[in-house]
Amino acid sequence: MSAQWMDTFDFRAPEDSGRAQVWVSRRNCSISPRQLLGFFVSLSLLSLLVAGMCWVSGAKLVTPFTLLELLAMAGALLAYARHAADRERVEFGPERVVVEWECAGRVERLELPTRQTRILLHDNGLIVFKAGQAQAFAGRYTRAERREKLARELRRALIAA
């Protein structure tokens with residue numbers, strides 16, 4: 001069972017977990033890291049070709065600036081690619097709620113008891129899962145005006161778990 005939620009969320013009940021419900025939110029990326037690499041390589045080849053033609057015609061300073069430009073572009077694209085796979089995952093099970101988030105390849109996970117978990121909207125606009133002193137935030141990849149509706153749907157899923 002799968003349905004798209006508001007551009008970023010995917011709700012499904014996995015076959016292997018019985019009653020568990022899973023919500024996955026991903027960063028909205030228009031280009032994959034592999035496509036980005038292809039773009040950068042083609043851009044680099046074209047820039048180096050132009051710099052080589054300038055070198056041959058006597059404009060020797062174009063090549064160092066081209067290399068500097070490509071180095072800066074590589075840094076920016078690397079920062080983009082590191083965060084292209086960022087995601088949040090919330091799983092509601094009968095015994096526990098698992099909130100997991102990945103940022104730049106680092107995964108953090110918090111398990112909360114289902115019966116004690118509350119879902120609130122935090123002052124910073126994010127959705128907070130609270131159980132006692134433990135708390136986890138979600139909704140980073142959902143537009144701000146859609147978070148309240150998402151929080152209501154997550155509360156319904158928590159009640160159903």
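One table, with the values for the structure above:
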| quantity | calculated |
| --- | --- |
| Condition check for LEU71: in contact (Cβ under 8 Å) with a residue 40 or more places away in the chain, among the hydrophobic types (A, V, I, L, M, F, W, C) and not assigned by TED's automatic domain parsing to the domain that holds GLN133 | no |
| ALA76 being touching a Lys or Arg at 6+ places or on another chain (Cβ under 8 Å) and aliphatic (A, V, I, L, M) | no |
| From the options ALA131, ALA59, residue that is outside the structural domain of ALA151 (by TED's automatic domain parsing), of a type in the set (A, V, I, L, M) and surrounded by 11 or more Cβ atoms within 10 Å (Cβ to Cβ) | ALA59 |
| Scope the range 101-135; condition within 18 Å of ALA160 (Cβ to Cβ) and touching a helix residue (DSSP H, G or I) at 6+ places or on another chain (Cβ under 6 Å); matching residues | ILE119, ILE127, ALA131 |
| Failed criterion for GLU88 (all others in (1) acidic (Asp, Glu); (2) assigned to a strand (DSSP E or B); (3) in contact with a helix residue (DSSP H, G or I) (Cβ under 9 Å, 6 or more places away or on another chain) hold) | (3) |
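The values are calculated or read from the model by the stated rules, or taken from the named source; none is laboratory data. These numbers were taken from a predicted model, which means no experiment stands behind them. Here Cβ is always computed from backbone atoms with ideal geometry, including for glycine, and neighbour counts include all displayed protein chains.
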